[in-house]
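The values are calculated or read from the model by the stated rules, or taken from the named source; none is laboratory data. Since the structure is predicted, the reported quantities are computational estimates derived from the model, not experimental observations. Counting neighbours? That spans all protein chains shown, and the Cβs are built from the backbone with ideal geometry, glycine included.
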Amino acid sequence: MLIRKNRFFDSFRCIAQRCPDSCCKEWDVQVDEESARLYQNLPGALGDELRRVMTRNEDGDTIFTIENRRCPMWREDSLCRIQAELGHDALCKTCRDYPRLKHDYGDFVEYTLELSCPEAARILLTSPWEDAIVQEIPGGEAPEYDREAMDILLRTRENMYSILSLDLPVETVLTLGYLYAFHAQAQLDGGEETPFDIDSALVFARDMAKAGNESALVDFYKALEILTPNWRNRLANPSPAPWSEPILNLARCGVERYWLQAVSDYDLICRVKMVIASCLLVKTLGGDPVETAQIYAKEIENNADNVDAILDAAYENPAFTDDKLLGLLLGV
Ligand code: SF4
């Protein structure tokens, strides 16, 4: 079985008290069954406290409900009480794993990091992009996906990485990547593999682009579920910034995370639109692009309802039409 790891996966270390945000804020923490049993049977004051804060959500999952926007196990010194008193291995799976992300396709597995973690975002968005580390290990299961479709997605994702690494301005590279996604989608739909001509693609993009509307794009995100007042404030006060390398790396991370997921429904375009729109949004909101992208990820990528809403909007919302997204990319 192949495993493909983002090259920063193994070296990631939580910065704990130095974290400018923290995964111990704002989110309910889902507690796996094994940890819940451990906590239910734990003697002493910590056990009593764990039993007090564990509850069930509407889906029947055991969770720690946040109190005052914080995990109730998060101490005043910004350390986790469970980790401090029982050690790392006693953390529930959610907290042990985060921000490590695993996509298991049966016969191969991919690992990367969540951009909603500020330290992971800093590393992934400010470091030069490099190929993932590929290793072969024993094990694996027969895949349930469509092999032919997955082969196309794996091959075209490599091509997409190459396009996103062209030595051209960020907005040009993103424009080419956007158009390449249609090229890849055509193959996924059964078309022949044909050469992707960069010069003709740029001429096509400039012909097609229509004046985009940044406000309409921001308004769309305002209507999604919002977790923090900070994000609401950022959406209310956009302050556009120039294109920058972290925004290009945001696109690369989106391609790494979402491209292969098109094997589930053969719809690559809606995922690439989501990635391109994330870059446009981060540029439009401005500020430090790494911080803006991290908040974006916390609000959007860690909320399945928000992700679904964007994938639906990719075809339905007037802010997401191809001509307008191209217009925003090209500054028309
Ligand atoms: S968000 Fe990342 S760096 Fe911050 S506390 Fe969580 S894992 Fe650590």
In this structure, is Arg157 charged (D, E, K, R) and more than 19 Å from Val272 (Cβ to Cβ)?
-> no
In this structure, does Arg70 turn out to be touching a residue at least 24 places away in the same chain (Cβ under 8 Å) and within 16 Å of the ligand (Cβ to nearest atom)?
-> yes
Looking only at the stretch 135-145, decide whether some residue is touching a strand residue (DSSP E or B) at 6+ places or on another chain (Cβ under 7 Å), away from the ligand (no atom under 16 Å from the Cβ), more than 30 Å from Gly190 (Cα to Cα) and not in a loop (DSSP other than H, G, I, E, B).
-> yes
Failed item, numbered, when Asp131 is tested on (1) within 30 Å of Ala149 (Cβ to Cβ); (2) modelled with pLDDT of 95 or more; (3) part of a loop (DSSP other than H, G, I, E, B) | (2)
Identify, please: which residue in the stretch 225-273 is of a type in the set (Lys, Arg) and over 17 Å from the mean Cα position of the chain (by Cα) and is, among those, surrounded by the fewest Cβ atoms within 10 Å (Cβ to Cβ)?
-> Arg232
Considering residues that are away from the ligand (no atom under 14 Å from the Cβ) and outside any loop (DSSP other than H, G, I, E, B), the number found within the stretch 94-111 is 7
Of (1) assigned to a helix (DSSP H, G or I); (2) closer than 19 Å to Glu158 by Cα, Asp308 satisfies every one except (2)
Check Thr292, Thr284 and return the single one that is buried (at least 23 other Cβ atoms within 10 Å of the Cβ), in contact (Cβ under 8 Å) with a residue 40 or more places away in the chain and in the same structural domain as Thr228 (by TED's automatic domain parsing).
-> Thr292
Determine whether the stretch 19-29 contains at least one residue that is among the acidic types (Asp, Glu), more than 26 Å from Asn303 (Cβ to Cβ) and either buried (at least 18 other Cβ atoms within 10 Å of the Cβ) or in contact with a Pro (Cβ under 8 Å, 6 or more places away or on another chain) (or both).
-> no
Residue tally, condition touching a helix residue (DSSP H, G or I) at 6+ places or on another chain (Cβ under 9 Å), within 16 Å of the ligand (Cβ to nearest atom) and either more than 18 Å from Arg75 (Cβ to Cβ) or basic (Lys, Arg) (or both), over the stretch 21-58 = 1
Neighbours by Cβ (under 6 Å, 6+ apart or cross-chain): first from the stretch 309-332, farther than 14 Å from Phe182 by Cβ; second in a loop (DSSP other than H, G, I, E, B) and aliphatic (A, V, I, L, M) | Ala309/Leu224; Gly327/Ala209; Gly327/Ala211; Leu330/Ala209; Val332/Ala209; Val332/Ala211
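Anything in the stretch 52-77 that is part of a loop (DSSP other than H, G, I, E, B) and under 16 Å from Glu26 (Cβ atoms)? List them, or say none.
Matches in the stretch 52-77: Asn57, Thr65, Ile66, Asn68, Arg69, Cys71, Pro72, Met73.
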Options Cys92, Cys71, Cys80: the member that is crowded, with 17+ Cβ neighbours inside 10 Å, at pLDDT 95 or above and either within 30 Å of Asp146 (Cβ to Cβ) or of a type in the set (A, V, I, L, M, F, W, C) (or both) | Cys92
The stretch 258-298: number of residues that are in contact with a Ser or Thr (Cβ under 7 Å, 6 or more places away or on another chain) and either among the acidic types (Asp, Glu) or not in a helix (DSSP H, G or I) (or both) | 2
Filtering the stretch 32-51 down to residues that are surrounded by 12 or more Cβ atoms within 10 Å (Cβ to Cβ) and in a helix (DSSP H, G or I) yields Ser35, Ala36, Arg37, Leu38, Tyr39, Gln40, Leu46, Gly47, Glu49, Leu50, Arg51
Which ones in the stretch 255-299 are closer than 14 Å to Ala181 by Cα and among the polar types (S, T, N, Q)?
-> Gln261
Just one of Ala184, Ala132, Ala121, Ala142 is over 20 Å from the mean Cα position of the chain (by Cα) and not assigned by TED's automatic domain parsing to the domain that holds Trp231; which is it?
-> Ala142
Could you check Arg13 against (1) at positive phi; (2) within 15 Å of the ligand (Cβ to nearest atom) and say which number it fails?
-> (1)
What do you reckon, is Pro195 surrounded by 14 or more Cβ atoms within 10 Å (Cβ to Cβ) and without any contact (Cβ under 8 Å) to a residue 60 or more places away in the chain?
-> no
